[in-house]
1. Output yes when any residue across the range B:127-135 is within 14 Å of chain A (Cβ to nearest Cβ) and closer than 18 Å to B:TYR48 by Cβ, and no when none is.
2. Collect the residues in the range B:144-188 that are closer than 13 Å to B:LEU6 by Cα, within 14 Å of another protein chain (Cβ to nearest Cβ) and either part of a loop (DSSP other than H, G, I, E, B) or hydrophobic (A, V, I, L, M, F, W, C) (or both), keeping them in residue-number order.
3. Within the range B:84-114, take every residue that is among the β-branched types (Val, Ile, Thr) and not in a loop (DSSP other than H, G, I, E, B) and give me the one that is nearest to B:LEU19 (Cα to Cα).
4. Since B:LEU13 meets every condition but one in (1) of a type outside the set (Phe, Trp, Tyr); (2) away from every other protein chain (no Cβ under 11 Å); (3) closer than 16 Å to B:TYR151 by Cβ, which condition does it not meet?
5. So which residues in the range B:18-35 are under 15 Å from B:ALA73 (Cβ atoms) and either of a type outside the set (A, V, I, L, M) or touching a Cys at 6+ places or on another chain (Cβ under 9 Å) (or both)?
6. Consider B:THR148 carefully, then state whether it is modelled with pLDDT of 95 or more and hydroxyl-bearing (Ser, Thr, Tyr).
7. Would you tally the residues in the range B:1-16 being surrounded by fewer than 17 Cβ atoms within 10 Å (Cβ to Cβ) and of a type in the set (Asp, Glu)?
Amino acid sequence: KKQNKTKDEL
Amino acid sequence: MNVFRLTGDLSHLAAIIILLLKIWKTRSCAGISGKSQILFALVFTTRYLDLLTSFISLYNTSMKVIYIGCSYATVYLIYMKFRATYDGNHDSFRVEFLVVPVGGLAVLINHDFSPLEILWTFSIYLESVAILPQLFMISKTGEAETITTHYLFCLGLYRALYLFNWIWRYYFEGFFDMIAIVAGVVQTVLYCD
């Protein structure tokens, strides 16, 4: 399942 | 953004700056593993490719540029400018034993089989083991300069704080990323010694 991944982390 | 992530980023930035200044001021990279620094430069390069595609915030972009800039500057100082002080025969960790398995794992276990996602996953896995050559070198030389221990402490602290950040984000935002969390735990455990 696709986690709601946001690439806002460094 | 939460306090754990902010202090984590600042701790990470401090580690990078501490190392760069130490090499620059003492004009020597004795006791520093150039291989670890190359791995870190690779981590930042493969993780921050989205610099070209997406803009998240000024903070995010400027930190990424600083991380990439400092890591390449550190590699430059070690392998070019102060090459004479590089302790090559103690920096003998076989990094291909890290990069190849990590690369394979990134292709096998990821959230999405797209080039950018696989490179991001590769950078997450690689970051968790990138310090091994440095720890290996310290075990071989049997000593670490004080400044190096400060560097390692800040670097270890950064990912430990990120673990709290992920707990915070799971609790308040329902956000979690198992790949980052597992790699973060492995990374933090490695620094504990």
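The values are calculated or read from the model by the stated rules, or taken from the named source; none is laboratory data. Quick caveat, the model's predicted, so the values are computed rather than measured. All Cβ positions, even for glycine, are placed from backbone atoms using ideal geometry, and neighbour counts span all protein chains on display.
1. Within the range B:127-135, one or more residues are within 14 Å of chain A (Cβ to nearest Cβ) and closer than 18 Å to B:TYR48 by Cβ.
2. B:LEU161, B:LEU163, B:PHE164, B:TRP166, B:TRP168
3. Applying the filter and picking the extreme gives B:THR85.
4. Exception for B:LEU13: condition (2).
5. Matches in the range B:18-35: B:ILE18, B:LEU19, B:LEU20, B:LYS22, B:ILE23, B:TRP24, B:LYS25, B:ARG27, B:CYS29, B:GLY34.
6. no
7. Adding up the residues that qualify gives 0.
Condition check ((1) closer than 11 Å to B:LEU155 by Cα; (2) polar (S, T, N, Q); (3) out of contact with any Leu (no Cβ under 9 Å at 6 or more places or on another chain)) across all residues:
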{"position": "B:MET1", "(1), (2), (3)": "no, no, yes"}
{"position": "B:PHE4", "(1), (2), (3)": "no, no, no"}
{"position": "B:LEU21", "(1), (2), (3)": "no, no, yes"}
{"position": "B:TRP24", "(1), (2), (3)": "no, no, no"}
{"position": "B:SER28", "(1), (2), (3)": "no, yes, yes"}
{"position": "B:ILE32", "(1), (2), (3)": "no, no, no"}
{"position": "B:GLN37", "(1), (2), (3)": "no, yes, no"}
{"position": "B:LEU42", "(1), (2), (3)": "no, no, no"}
